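Report on one structure; see the data block that follows.
Each value in this text was obtained by applying a stated rule to the coordinates, not by laboratory testing. Quick caveat, the model's predicted, so the values are computed rather than measured. FYI the Cβ positions are ideal-geometry reconstructions off the backbone, even for glycines, and counts take in every protein chain you see.
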Amino acid sequence: MIRNASHEDLDAILEIENGCFTRPWSRKSFEAELFKIRSDFLVCEECGEVAGYIVFWYILDEAELADVAVAEKFRRRGIASRLITHCVEKHEEIDIIHLEVETNNISAVSLYEGMGFKPKGQIKDYYGEGRHALRMSCRRTDYRGD
Ligand SMILES: CC(C)(COP(=O)(O)OP(=O)(O)OC[C@H]1O[C@@H](n2cnc3c(N)ncnc32)[C@H](O)[C@@H]1OP(=O)(O)O)[C@@H](O)C(=O)NCCC(=O)NCCS
């Protein structure tokens, strides 16, 4: 089930986030997303557990996939794809979605390529020295959801 994130979800979200990233978002950053306009902060719940979450920012016809992660035990079940597609389908006005992903994050790059995202260039040292970001974008017409 995909639903809005709430305060009660933050412990579970932070546990996933801290296990995924060397520079994880803070509790304060997630708390701010609960109240932000032009931001979808959603969780996917499986058997009463937070399996994954997404932060998706949008303005006019553009969106930025700011954060998405899935707990290890729930991976490869289509949860990230479902979360992204949920946001894309909800916002019919969006024509293009942007994101940054670490160049060596094979699982995420594969996920995005499979959905129709294309590389648009690199940002050197974006995640720290020697850790570059790949900037990717996808037009709605190229989007391949689940
Ligand atoms: C990247 C991530 C969000 C994918 O979540 P997920 O729910 O497992 O992804 P899905 O099940 O929707 O995968 C859809 C497709 O993406 C690709 N994919 C996902 N994980 C992959 C992996 N480890 N290796 C290769 N391809 C992968 C596959 O094509 C997959 O389809 P398939 O399972 O039918 O082969 C998850 O691995 C994760 O949380 N990683 C750590 C956090 C992270 O890197 N977030 C992205 C930041 S930019």
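Out of 112, 126, 53, any idea which swings most in a Gaussian network model of the chain, alpha carbons joined below 10 Å? Evaluated over the chain, the most mobile residue of the options is 126.
Only alpha carbons enter this Debye calculation for segment 32-94, each as an equal point scatterer, and the log10 of I(q)/I(0) it gives at q = 0.30 Å⁻¹ is -1.31. Using θ = phi - 60° in the Karplus curve 6.51 cos²θ - 1.76 cosθ + 1.60, the 3J(HN,Hα) couplings for segment 107-114 round to 5, 5, 4, 5, 4, 5, 4, x Hz; x is entered for Gly and Pro.
The mean of 1/r over all pairs of different alpha-carbon atoms in segment 2-142, once inverted, gives a Kirkwood hydrodynamic radius of 15.4 Å.
Ordering 21, 91, 134 by Cα displacement along the dipole of segment 2-142 toward the positive end leaves 134 in first place; charges were set at the Cβ atoms of Lys, Arg (+1) and Asp, Glu (-1). Taking other residues whose beta carbon is less than 14 angstrom from the beta carbon of residue 118, and scoring Lys, Arg as +1 and Asp, Glu as -1, yields +2. Dipole magnitude for the chain: computed about the Cα centre from +1 point charges on Lys and Arg Cβ and -1 point charges on Asp and Glu Cβ, it is near 420 debye. Straight-distance candidates among the lysines for linking to residue 90, with alpha-carbon spacing under 18 Å and chain neighbours fewer than 8 residues away dropped: 36.
Each Lys or Arg adds one and each Asp or Glu takes one away; over the other residues whose Cβ falls under 10 Å from the Cβ of residue 73, this sums to -1. Taking other C-beta atoms within 10 Å as the exposure proxy, 70, 43 rank 43, 70 from fewest upward.
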